[in-house]
Amino acid sequence: MSDAALSVHGLWKVFGPKAGSIIGTPDADLPRPELLARTGCVAAVKDVSFDVAPGEVFVVMGLSGSGKSTLVRCLTRLIEPSAGSIEIDGDDVVTMSDSRLRELRRTHVSMVFQHFGLLPHRQVIDNVAYGLEVRGEPKSKRLARSQEMVDLVGLSGNEHSYPDQLSGGMQQRVGLARALAADPSVMLFDEPFSALDPLIRRDMQNEVIRLHDEVGKSMVFVTHDLAEALKLGDRILIMRDGAVVQVGTPAEVVARPADDYVRDFVSDVPRSHVLTLRYVMREPGPDDSTEGPVMSSDTVVRQAARAALASEHVVRVVDDGELVGIVDDDAILRVVVAEEEATPA
């Protein structure tokens, strides 16, 4: 993707002695325990490639030990990659000088961690402004920008509180505001909500969606939670043992899992909440009604169900002015019934 905000190609991270000698050899394909026993090395990230489009929310997910956090840390060389290329706004991070890398971290990329990393002796307004202070921005300018971000993330009135006076969710909002303050082109999230209570976590997920709608940043979001991935991601990359298993939209991953590993992951997902009409429609026929609801192929089945079942006519699926498919009641009900049958009693 030539105009990608982030482009990763052939990325490897191998820990251990003579790690570079593992890449491209048959040993690299060994299961982790065998590779460790034979070479003393662990391949945490194995030949990973993907692009992130401008303004896209790209989710990297997998179980513990899958390599997802190592991957996201490689993107700004918090962990040094063993091989491959990482381009952000067209510049290769892997070959950057130390000074250029510092500039990248200060101006182009922001990161939000699971542990908030707030400075306990600084008030909210100064925590949010910290990156701008490091960058050398004048005090009046950085405080004005900081106040804008405090307001944006819903912390107005808490500017002069200290971190220990805030709840976990509020502290993470400070982390979001700090990341946004630098006006980065790419934002990286490493399991930022996994330590939060479920209700607060849901609120923070909604906050990310709202902020993305408002500021439109390219985001890479790491999580082990499939529901979170499906809720936030425009596309999802699923990892296992350091390698890519599947990349696709939420609907693609649920409708067409690449293997049994992904199939198990998505087995309990409410399909009507994720699948779009593209996956349930059929070819238009000459006897199909020319009346009835019109929807795009990207409409989620659950959103379409009420209008579809209430109409005497089939749903006509239209993209760019062209009739591309038909969805009848049976297609809707097949998804809903299968979903109910899969729900544990």
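The values are calculated or read from the model by the stated rules, or taken from the named source; none is laboratory data. The structure presented is a predicted model; accordingly, all values stated were derived computationally and were not measured. FYI the Cβ positions are ideal-geometry reconstructions off the backbone, even for glycines, and counts take in every protein chain you see. The area values use the complete protein model at the heavy-atom level, side chains included, leaving out ligands, DNA and RNA. Shrake-Rupley method; radii C 1.70, N 1.55, O 1.52, S 1.80 Å.
For this structure, a couple of remarks:
- Residue within the stretch 282-297 that is crowded, with 19+ Cβ neighbours inside 10 Å and in a loop (DSSP other than H, G, I, E, B) present: no
- Of all residues in the stretch 76-95, exactly one satisfies the criterion of being without any contact (Cβ under 8 Å) to a residue 12 or more places away in the chain and either in contact with a helix residue (DSSP H, G or I) (Cβ under 7 Å, 6 or more places away or on another chain) or not in a loop (DSSP other than H, G, I, E, B) (or both), namely Asp92.
- Residues satisfying the stated conditions in the stretch 31-75, i.e. closer than 29 Å to Val208 by Cα and in a loop (DSSP other than H, G, I, E, B): Ala53, Pro54, Gly55, Glu56, Gly62, Leu63, Ser64, Gly65, Ser66, Gly67, Leu75
- The set of residues in the stretch 57-86 being among the aliphatic types (A, V, I, L, M) and under 14 Å from Val109 (Cα atoms) consists of Val72, Leu75, Leu78, Ile86.
- Residues in the stretch 255-264 include at least one that is more than 23 Å from Asp47 (Cβ to Cβ) and in contact with a Leu (Cβ under 7 Å, 6 or more places away or on another chain).
- Residue count for the stretch 24-52, restricted to those that are under 23 Å from Thr95 (Cβ atoms) and modelled with pLDDT of 90 or more: 10.
- Tyr130, sole failed condition from (1) under 19 Å from Thr107 (Cβ atoms); (2) open to solvent by 10 Å² or more (accessible area, probe 1.4 Å); (3) touching a strand residue (DSSP E or B) at 6+ places or on another chain (Cβ under 8 Å): (3)
- Out of Ala44, Ala5, one residue alone is buried (at least 19 other Cβ atoms within 10 Å of the Cβ), under 30 Å from Gln205 (Cβ atoms), touching a helix residue (DSSP H, G or I) at 6+ places or on another chain (Cβ under 6 Å) and small (Gly, Ala, Ser). It is Ala44.
- Qualifying positions in the stretch 2-45 - out of contact with any Leu (no Cβ under 9 Å at 6 or more places or on another chain) and closer than 30 Å to Lys217 by Cα: Ser2, Asp3, Ala4, Ala5, Ser7, His9, Gly10, Trp12
- Residue within the stretch 238-251 that is closer than 30 Å to Gly84 by Cα, open to solvent by 50 Å² or more (accessible area, probe 1.4 Å) and not hydrophobic (A, V, I, L, M, F, W, C) present: yes
- Qualifying residue in the stretch 183-195 (condition: touching a residue at least 40 places away in the same chain (Cβ under 8 Å), touching a Pro at 6+ places or on another chain (Cβ under 9 Å) and not charged (D, E, K, R)): yes
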